[in-house]
Each structure stands twice: as structure tokens, then as C-alpha cells.
Amino acid sequence: MDFVNSIMASSFLILPLLLSLTLPLSYGKLVPAIFIFGDSVVDVGNNNDIPTIIKANFPPYGRNFINNTSTGRFSNGKLATDFIAEMLGFDSYQPAYLSREATGTNLLIGANFASAASGLYDETAVLFNAIPLSKQLDNYKGYQEKVMELVGTDNASLIFSRGIHLISAGNSDFLQNYYINPLLNIAQTPEQFSNVLVQKFANLVEVCFLISLTQQDLYGLGARKIGVTTLAPIGCLPTAITLFGLGQNECVERLNHDALVFNEKLNATSELMKNRFTDLVLVVFDIYQPLFDLISNPTEHGFSEVRRGCCGTGLFETSFLCTSLAVGTCTNASQYVFWDGFHPSEAANQLLANDMIVAGQTFVP
């Protein structure tokens, strides 16, 4: 009898967990919409039809995505944000705002405004003809107008306030601008540049930092659930090791140090903003440590290769250098932490998304 009672007690403990795991599948979306801003880590095709060389709408990109389609995602398959959308109960992904899919009721689940080669620092995007974050914010305003026309101001406001706004930016500012741009790296130390980037982030979320009266920031546009990713261990990216590793086949410590300094400042600034606005749910997603763990202990997570990306030689290829002509592209990307020289593989993205879902529990009512 005691054994039966023990089993029944365990069932009562396990049942809520099982329900929580199946809730999105059983009861629909946990949030009404997701809005995504930032760089190539989250771009799903906004760069496809703009005059930039930073694109991923050709093979072998997307070879493991739905119907083996190259959508503009910088991966062999799904991005972390795709997995997050699935786990939150969405049965389709937020469309690239500049795509033909971003029309009508498709907009009601949110939209993706990200642009590869963009950053917190608008000048980074300008270097590559990408879409700066300031323009992404303008596009979000245009999106809001369309949604208000579809469902009315009150219903639209609920979508904006209850939807999750995700920002992924900063890696390109360092790797594709600061480290290779003497106009920046001579004039400013990495820590000074971090200060500039963190202030740009603060301005994106809340311009005045005290009270938002103009609609020039996410808070002023009604966003109340905002998530921002930290910098990755940028010194461990294959391209970074190739360019800045001085021939050493290991992570570049000074680059990782710069990332950690930035991340510390980002966390401190986010805490100040959360304390100032009681209705703002602001979550900092730590990308650095989970990705560093995959790189440091690959076999524990099912990976066998961390130094090279799957595409081509894996040492530097990304975007137009990662094509179907790239010699040496691997056959099994799931064994690789990186798909190309800069971006995680689908397998790595899934693990990163799992960590983000746990960290973002406060977003779900």
C-alpha cells in the first residue's frame, strides 16, 4: 500500500511538469507574438533583396531546413529563434519583415526585422549596406501601423505589450567593425567602445532612460517584454581564430575578454533599467557561457568539431564565401558546433534555444 501511495504521490509531482512541457502543443501560443531585431544570428531573410553582399539565400545554407530551402538564415537549418518560436507554441515562424510573406494576418504572430551585418552601432551596418537597428526600429513602427489597421488599436496594443521583443546584436560591431577599423580601434579602447554599444542598447530600449514621451524606442512603442543576448565568446569563432589568433589553433583570449567586459556592462545597465521601470520585463540571455561550454566540452554535448565550421575549409567562410562551390563542406553538420566560420549549426542553435527558454520564463504569464 505504501508503494502504491508513493507512486500516486510521484504522479502528482510529475503531472504538472508534463503539462508544462506540452502546454504549447495543447493550448496554443504562450505569447501572442515575437519580434526579432539584430544581426545575422537571427536574420531570416531581410537581406535577401537589399543591395548587400551579406546574404545567405543560396546553398548550402538551409540544406537541413524545411524543404532544404535557403531562406536567408545563416545556418544549415533552424536558428535559435525558430526553436524558441516552436517551444512557445507557434506553428509558423515570424516572417522577415521585408519578405512577401509579411502581409495580412501573417503579421499577427510578430515579425523579424533583423539584418545580417547589423549591430548596436549603426555605422557597422552602413559598412555593409545592411539595415541599421535605427531603421529596424522604423520598420517596427511601420509594422505596428499595419497591425493596428488589421485588428484595431486596443487589440494591437495588447499584441505589442504581451509579445516578446528579442535583440541580438554586438558581435558584428566588434568582429566586422572595431577590430578591423583603425578609425575605431585607435581612437577607442575596447572598453570605451563597449560603453558606446551599451548606451546604444539603452537608447534602443528607452531613449530618455527616465520616461519615454516620444515613440523613438521600444518602450515608447509599447514593448514591455524585452530580451537581449550577450556577446558570444567571439574569440572562439573559427573566423576570429583565423584572423586574430596569430597562428594559434585556440580561442583568442583578448577577444573573449572584450566580450565578457561588454556582457558585464550590459547586465549592469539592464538591471538599472529594470529597477526604473516596474512594468518592464527585461531579460539578458547569456549566450557566452552556453556556447563556450559547447566549445570546451564538445563530446559531452554530442559534437566532434569546434575549430572549423562545416562549410568549406571551415576556417573563415561565411556568407558569399560559403557556397555550393566551397570545397570540403562536411556531410554531417550536426557534429559541428559551427555551420560556417561565424554562425552556429542548427544542432548548436537548438541547445542555445533550450537555455534561452529556461532563462526567459518570466516572459510567460
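Pairs over the 22 Å Cα-Cα cut-off, from the set LYS55/LYS265; LYS55/LYS135; LYS135/LYS200: LYS55/LYS265. In order along region 69-82, the Karplus-derived 3J(HN,Hα) couplings, from 6.51 cos²θ - 1.76 cosθ + 1.60 at θ = phi - 60°, round to 9, 8, 8, x, 6, 8, 6, 6, x, 6, 8, 4, 5, 5 Hz, and Gly and Pro are given as x. Rg then Dmax, both in Å and based on the Cα atoms of the chain: 20.7, 77. Backbone phi angles across region 308-321, fed through the Karplus curve with coefficients 6.51, -1.76 and 1.60 (θ = phi - 60°), yield HN-Hα couplings of 10, x, 5, 7, x, 5, x, 8, 7, 4, 7, 6, 5, 8 Hz in residue order; Gly and Pro are listed as x. The H on the amide N of PHE285, modeled in the peptide plane, is under 5 Å from the matching H of VAL228, THR229, THR230, each at least 5 residues off or on a different chain.
Potential lengthening of the chain between HIS301 and ARG254 amounts to 14.3 nm, from the contour at 0.36 nm per residue minus the alpha-carbon distance.
Percent antiparallel among DSSP beta bridges with both residues in the chain, to the nearest 5? Intermediate results must be reported in sequence, preceding the final value.
Values: 1 of 19 bridges.
Bridges in the chain are about 5 percent antiparallel.
Each residue of region 250-256 is assigned a 3J(HN,Hα), and the resulting list reads 8, 4, 8, 5, 5, 5, 5 Hz, derived from the Karplus form 6.51 cos²θ - 1.76 cosθ + 1.60 (θ = phi - 60°), x at Gly and Pro. In summary, the lysines within cross-link reach of LYS29, defined as a Cα separation below 22 angstrom excluding same-chain residues under 8 places away, comprise LYS78, LYS146, LYS225.
Let me have the relative contact order for the chain, percent, based on Cα pairs under 8 Å that are six or more residues apart. Walk me through the intermediate numbers first.
Numbers: 690 pairs, mean separation 63.4, N = 365.
Once normalised by length, the contact order is 17 percent.
Shape class for region 181-333, computed from the alpha carbon gyration tensor (a ≥ b ≥ c): prolate, with a/c not under 1.5 and a/b above b/c. Taking LEU325, LEU221, LEU137 in turn, the Gaussian network model of the chain (Cα-Cα springs below 10 Å) assigns the largest fluctuation to LEU325.
Bear in mind that the values in this text are calculations on the coordinates, not laboratory data. Remember, predicted model here, so these are calculated numbers, not experimental data.
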